[in-house]
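**Student:** Right, I'll just put the structure down here and ask away after.
The values are calculated or read from the model by the stated rules, or taken from the named source; none is laboratory data. Computed from a predicted model, the values in this text were never measured in an experiment. When we count neighbours, we look across all protein chains shown, and the Cβ atoms used for this are built from the backbone with ideal geometry, even at glycine.
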């Protein structure tokens, strides 16, 4: 029973720590630093795709399915980056408008 609880905690940490890290990077570091985790996730998905054993028949379906499923975290990390990037641009435009009003 204790082993199942430990495994659950480890699984939750593996799932949520990168999301929290992505949010913190995008929130507090300006520029393209928020693209680090999406890039790493994309590279891992390509490596994962290259490890598919070659089988007879519909090999491309297996490759496309693997790419789609493996890139779900990449898409989530990229959407977090876009959200905070857009928010930062709106803040910069608002600051410029305040300066022009003075």
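**Student:** Condition first: surrounded by 10 or more Cβ atoms within 10 Å (Cβ to Cβ), in contact (Cβ under 8 Å) with a residue 12 or more places away in the chain and part of a helix (DSSP H, G or I). Can you find one or more residues in the range 7-20 that meet it?
**Tutor:** Yes: the range 7-20 contains one or more residues that are surrounded by 10 or more Cβ atoms within 10 Å (Cβ to Cβ), in contact (Cβ under 8 Å) with a residue 12 or more places away in the chain and part of a helix (DSSP H, G or I).
**Student:** Select from the range 21-76 the residues that are in contact (Cβ under 8 Å) with a residue 24 or more places away in the chain and assigned to a loop (DSSP other than H, G, I, E, B) and write down the one among them that is surrounded by the fewest Cβ atoms within 10 Å (Cβ to Cβ).
**Tutor:** Applying the filter and picking the extreme gives 30.
**Student:** Let me ask something else about it. Given the conditions (1) within 23 Å of the chain's Cα centre (by Cα); (2) modelled with pLDDT of 90 or more, which single one is not true for residue 93?
**Tutor:** (1)
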